[in-house]
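Undergrad: Have a look at this one before I ask anything.
Values in this text are rule-based calculations from the coordinates and carry no lab data. No experiment lies behind these values; they were computed from the predicted model shown. With ideal geometry, Cβ positions are generated from the backbone for all residues, glycine too; neighbour counts draw on all protein chains shown.
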Amino acid sequence: MSHNRRRILGAALALPATLAATNLVAAAPAVAAGGIEAQPWTDLLLEPGVTAQPGATPQVRLITIAGTVFLQARGSVTCNLTADTKIATLPAALRPTALVRATAPRNNSQGINACRFEANTAGSVTVYGGNSSNPITWVQFDSVQTIWR
């Protein structure tokens with residue numbers, strides 16, 4: 001009897017999965033109407049005291065997916081930030097129309113392993129979260145992706 005219950009339960013669970021898979025296969029990609037457009041990577045202009053990690057130059061680019069523009073970043077820097085600090089400037093062609101924020105990994109100290117990455121309309125990139133008792137010694141930008149405009 002329990003064997004039959006398993007079969008019935010298995011069939012009941014398999015049906016929605018089969019229908020969902022059929023719908024996914026038949027569906028057109030969401031980006032087909034608007035397409036995907038990725039601009040080339042552009043280096044950030046780093047502030048004095050902030051250096052690119054070897055092989056990981058901090059760069060940004062804009063990606064448009066179905067009409068929505070996203071900022072994407074990559075790379076890593078070493079630094080010694082003991083306060084909220086401007087670390088870079090965005091290239092003139094990549095200035096946001098409003099303040100944008102994202103979270104970026106940083107050195108794990110006192111249980112804190114993330115900081116705030118913020119770019120303003122003037123193109124200043126600021127990292128928030130460092131202080132004298134818990135300085136930020138590196139920031140990694142690969143997870144920085146945010147809606148741009």
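Undergrad: Taking the Cα-to-Cβ direction at residue 93 and at residue 149 and moving 7 Å from each Cα, how far apart do the two end points lie in nm?
TA: Computed distance between label sites residue 93 and residue 149 equals 1.4 nm.
Undergrad: What Rg and what Dmax come out for segment 32-147 when only alpha-carbon atoms are used, in angstroms?
TA: 14.3, 51
Undergrad: Relative contact order, percent, of segment 32-147 when contacts are C-alpha pairs under 8 Å separated by at least 6 residues?
TA: That works out to 29 percent.
Undergrad: What is the sum of charges, Lys and Arg at +1 and Asp and Glu at -1, for the other residues whose Cβ falls under 15 Å from the Cβ of residue 66?
TA: With Lys, Arg at +1 and Asp, Glu at -1, the net is 0.
Undergrad: How much length, in nm to one decimal, is gained on full extension between residue 66 and residue 101, taken as 0.36 nm per residue of separation minus their Cα-Cα distance?
TA: Stretched fully, the residue 66-residue 101 segment lengthens by 10.4 nm.
Undergrad: Lys and Arg at +1, Asp and Glu at -1: add these up for the other residues within a Cβ distance under 12 Å of residue 98 and post the number.
TA: Summing Lys/Arg as +1 and Asp/Glu as -1 gives +2.
Undergrad: May I ask for the distance between the Cα centers of segment 41-66 and segment 71-148, given as a whole number of Å?
TA: That distance is 11 Å.
Undergrad: Could you sort 46-54, 125-133 so that the peptide with the highest average Cβ count within 10 Å comes first and the rest follow in order?
TA: 125-133, 46-54
Undergrad: Relative to the present Cα-Cα distance, how much length would full extension add between residue 41 and residue 142 at 0.36 nm per residue of separation?
TA: Extending this stretch completely gives an extra 35.1 nm.
Undergrad: Quick check: residue separation of residue 51 and residue 128 times 0.36 nm, minus the Cα distance between them. What number comes out in nm?
TA: 26.0 nm
Undergrad: With labels modelled as points extended 7 Å from the Cα through the Cβ direction, what inter-label distance (nm, one decimal) is found for residue 82 paired with residue 110?
TA: Computed distance between label sites residue 82 and residue 110 equals 1.3 nm.
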